[in-house]
Amino acid sequence: MRLLPIDTITCFQPVVNLVGASDTSGVNITWKSVSSNSLYPNPAAITSLNNLKLVKRNDNNCSDSSIVALVNQDNTFPTAIITSTNTELNCSIYTASLSAIFSPSNCTALWKNAEHLPLQIPIQFPHQGNTY
């Protein structure tokens, strides 16, 4: 039996698609969960941690399930570090520029004000005491 790590389900990629193929004509391919024995059609859209056997069955009802695909799941929430050019707004410092560093790096931000309305970039902070 071969164990193949396929992909990892994350907040940004909630589905992993598994596609089985055979060089032999007339082969029916399905996926079978190792833990629950649930069957999935081919291609299979997997949405949670799973070890799946690739089951190949030919016209004579002979089957082979020697390949196991491992679909990992990472439930880690993304994080952001917010930085500002100015930490204080007053009569002489009335603007600030915000930036964010994300982990994982493929995250993006949608900046909103306290009323949950989207803000345009660059963000201008006109009043002291506002929340963003």
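Only the coordinates and a few stated rules stand behind these numbers; no lab work does. Computed from a prediction, not measured in an experiment: that's the story for all the values here. Cβ coordinates were reconstructed from backbone atoms using ideal geometry, including for glycine residues, and neighbour counts include every protein chain displayed.
Things worth noting here:
- The gain in end-to-end length when the residue 115 to residue 100 segment is fully stretched comes to 3.3 nm, 0.36 nm per residue minus the alpha carbon separation.
- Each of the peptides 10-16, 20-26 was scored by the mean count of other Cβ atoms within 10 Å over its residues; in descending order, highest first, they stand as 10-16, 20-26.
- Rough spin-label spacing in nm, given labels placed 7 Å along Cα→Cβ, for residue 17 and residue 58: 2.9 nm
- With the simple model of a label 7 Å out from the Cα in the direction of the Cβ, residue 72 to residue 29 spans 2.4 nm.
- Looking at the chain, the pairs of alpha carbons with a distance over 21 Å make up 60% of the total.
- Karplus-based coupling profile of the stretch 58-63, in residue order and whole Hz: 9, 4, 8, 6, 7, 10, with θ = phi - 60° in 6.51 cos²θ - 1.76 cosθ + 1.60 and x standing for Gly or Pro.
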